[in-house]
1. Can you tell me which residue in the stretch 363-405 is nearest to Asp539 (Cα to Cα), limited to those that are assigned to a loop (DSSP other than H, G, I, E, B) and among the β-branched types (Val, Ile, Thr)?
2. Check Val379 against each of (1) free of Cβ contacts under 8 Å to residues at least 24 places away in the same chain; (2) among the aliphatic types (A, V, I, L, M); (3) open to solvent by less than 50 Å² (accessible area, probe 1.4 Å) and name the one condition it does not meet.
3. Do we have Leu585 as open to solvent by less than 10 Å² (accessible area, probe 1.4 Å) and either on the phi > 0 side of the Ramachandran plot or free of Cβ contacts under 8 Å to residues at least 40 places away in the same chain (or both) here?
4. Being open to solvent by less than 60 Å² (accessible area, probe 1.4 Å), under 32 Å from the mean Cα position of the chain (by Cα) and not acidic (Asp, Glu) is the filter here, so list the residues in the stretch 508-539 that pass it.
5. Where in the stretch 34-115 are there helices (runs of 4 or more DSSP H), lying wholly inside it, with at least 1 residues that are of a type outside the set (Val, Ile, Thr), under 26 Å from Cys222 (Cβ atoms) and open to solvent by less than 60 Å² (accessible area, probe 1.4 Å)?
6. Mind listing whichever residues of the stretch 334-359 are part of a loop (DSSP other than H, G, I, E, B) and touching a strand residue (DSSP E or B) at 6+ places or on another chain (Cβ under 9 Å)?
7. Run Arg149 past the list (1) modelled with pLDDT of 95 or more; (2) not in a helix (DSSP H, G or I) and report the number of the one that doesn't hold.
Amino acid sequence: MDLLPRSPGEFGSSRYWDRFFRQRGQRPFEWYGAFPELCPVLHKYVRPRDKVLVVGCGNSELSEQMYDMGMCEDIINIDISDAVIRQMQEQSGSKRPKMSYLLMDVLQMDFPDAHFQVVLDKGTLDAILTDEEEATLAKVDKMFAEISRVLQVGGRYLCVSLAQAHVLKKAVEYFSQEGWVVRVHQVAGSGDKQQFVLPVFVYVMTKFRKIPGSAPQILEICPEEQDKPMRVESAERLVAAVKDRQHYALICSQLSKTPCGEQVSLDLCDKESGRPRYTLHVVDSPSAKPSRDNRFAIFIIPQGRETEWLFGTEEGRSQLSASAGFGRLVTVSLHREQHYEGMAGIQAELSGKVMELAPPGLPARQQVPFLSVGGDIGVRMVQHCDTSPLSGEYVVEDVKGDGTSYFRRLIFLSNRNVVQSEARLLAPVPLSGQKKRRKDKKKASPAEPPTAIDKSYLCCEHHKAMVAGLCLLGGPDPLPGDEAVLVVGLGGGSLPLFIHDYFSQARVAVVEIDPSMLEVATRWFGFSQGDRMRVHISDGLDYVAKLAAEGTPAQYDAIMFDVDSKDLTVGMSCPPPAFVEEPFLQKVKTILKPEGVFVLNLVCRDVRLKESVLATLREVFPLLYARRIEGEVNEILFCQPSPTGRRDPTELGARARALEGDLRQPGRPWDSSYALADMLQAVKIL
């Protein structure tokens, strides 16, 4: 039996609905859910003594159930189908004497003005507003005008809808311009019985007298999990908020039916501010053969560790999921702007929500484990946040790493999953003669993290590789002398500081385009200038071009580029494309000594672009080595202007060991992770 219309326009035809209800018979047809799902919302806006008009009632049982449950009795139902009106009169007339059914068109009603406190519409607006043709929009305007006419001031128009963008936008714009308050409720789903994949919404338009002039619009949304409405600033933002919830419902529906081939990412926002609170990644392990008890788990990433390869990359999360042994793992990142009440608080907050992301066939009462590293949520303390005209918003934060170590990080919020600079913090040293706390004294509160910077420690693997590249400096003996080193890109200053402190005669010039970064490095990362360390606030492109144009003899033994790109649309985040164009690289070569080394930190996900960059480098520098950084996109390129200095990885390892031996002086801290020889034995000659 085909009940679908031949065209959307038939939804407004009485002939279509007569045929529809004759063919359907006595079975009620519930558009967009039944009374149990709608009751919590209707109960807020329908009072027992209200006069209620139900437009486009069809043979829905909603009015009957409202009547029988005592929500309201003075209900008039109208519809354009004579067949359904006669059916409902016969079915309900004697049982519910205060409720009536009338044959009437919502576009032209016979009721007097201001006759009702509530107009209830369950799917009628959606049936009429099938497109945005001029004739259709005129019909809708007429419908809204009639509803407005028959409602009293303070009355409510309750419209149950699937909230297609054009439908919601039309309703919100019309009534908000009339001075009405508009609130949108998301109706809680009804589990396996839910008729639609997309969620159902109820628009609540409350009538106020129109104030002359430009009165502020009041637009609100109430997500299903909370009663308190959230104010939004425009109709566009309200439509976008509804669209986000529809998208989430589609994702949940897909995840409940089939494993996800690709990782799914979504944000859960704070109820009060609307800002992201949790970022979730859903990872399925096709190779896993989970038992009944390890089909689904939630992994809370400790604060400050979301940038690590294991948690911050798709490959890393896949590895984490496989090693955890669960069929589906949901990783949860915590946002720095939010406050969390420990693991138990997070578990209580997320338990209901994450079950919507459960894999197919998971029993409803299945216990789902919450996992983490070390069983806690980590420590993150934002020390400073500001905005730079060049770098945008940024934060300096202290985070707890493995064990007892703390690290200070610089993060640009335009790319919040990338650590721009990082330094280890020194553990506080007890004062000599300080007495131990007596056992019977009250325990001390948890220690604050240290604040002094460990300048001897390089946190970033690519910085270690860049330092190792200095053993390529000419001559048979790679021991450090009075090298002149140019570093483009300051960040927190860890790289130039290390070179300054460990190459005791080296003269280091740093070029940084953003003066805010010099202030950050000095105040928060222990950076300082001196006789052998100078910072030049300039665009690196201009600085190098100026030196090359002066025509002075080549002056630098080593040139290092560690500069990020602000253009996130390019597949290369370090360096900016202009830094690897052939004319500029020729200028770099001009100011580099013949036996010197140019070290470039390349971060490029675009394979074709990367090949193009490497080809350009080979045109300018005859000798090119590459060192991939394990688990990261970074690749460190060592470029030399003369092919005569070519050395195989074994020789490079020997030179690196000699350099490391010289740098490891008595009384000077040295971390075993530096392993300069290992760094260079893994290079590839391009």
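1. Let us first name the residues in the stretch 363-405 that are assigned to a loop (DSSP other than H, G, I, E, B), namely 363-369, 373-379, 389-391, 401-405.
Those still in the list that are among the β-branched types (Val, Ile, Thr) too: 368, 373, 377, 379, 404.
On the way: Val368: 53, Val373: 42, Ile377: 40, Val379: 36, Thr404: 39 Å.
Filtering the stretch 363-405 for residues that are assigned to a loop (DSSP other than H, G, I, E, B) and among the β-branched types (Val, Ile, Thr), the one nearest to Asp539 (Cα to Cα) comes out as Val379.
2. (1)
3. Numbers: open to solvent by less than 10 Å² (accessible area, probe 1.4 Å): yes; either on the phi > 0 side of the Ramachandran plot or free of Cβ contacts under 8 Å to residues at least 40 places away in the same chain (or both): yes.
Taking the combined requirement at face value, the residue satisfies it.
4. Those that are open to solvent by less than 60 Å² (accessible area, probe 1.4 Å), under 32 Å from the mean Cα position of the chain (by Cα) and not acidic (Asp, Glu): Ser516, Met517, Leu518, Val520, Ala521, Trp524, Phe525, Gly526.
5. The qualifying helices (runs of 4 or more DSSP H) are 35-45, 62-68.
6. The first filter runs over the stretch 334-359 and keeps only residues part of a loop (DSSP other than H, G, I, E, B), leaving 335-341, 358-359.
If the condition is that a residue be part of a loop (DSSP other than H, G, I, E, B) and touching a strand residue (DSSP E or B) at 6+ places or on another chain (Cβ under 9 Å), then His335, Arg336, Glu337, Gln338, Tyr340, Ala358, Pro359 are the ones that fit.
7. Unmet for Arg149, out of (1) modelled with pLDDT of 95 or more; (2) not in a helix (DSSP H, G or I): (2).
Listed here are the residues, each with its yes/no results for (1) over 19 Å from the mean Cα position of the chain (by Cα); (2) of a type outside the set (A, V, I, L, M, F, W, C); (3) open to solvent by 50 Å² or more (accessible area, probe 1.4 Å).
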| residue | (1), (2), (3) |
| --- | --- |
| Gln347 | yes, yes, yes |
| Val354 | no, no, no |
| Ala364 | yes, no, yes |
| Pro369 | yes, yes, no |
| Gln383 | yes, yes, yes |
| Ser388 | yes, yes, no |
| Asp402 | yes, yes, yes |
| Arg408 | yes, yes, no |
| Ser414 | no, yes, yes |
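The values are calculated or read from the model by the stated rules, or taken from the named source; none is laboratory data. This one's a predicted model, so the numbers in the text were calculated from it and none came from an experiment. Reconstructed Cβ throughout: ideal geometry from the backbone, glycine too, with neighbour counts over all protein chains shown. Each accessible area value is taken on the protein alone, full model and side chains, heavy atoms only, with ligands, DNA and RNA left out. Shrake-Rupley method; radii C 1.70, N 1.55, O 1.52, S 1.80 Å.
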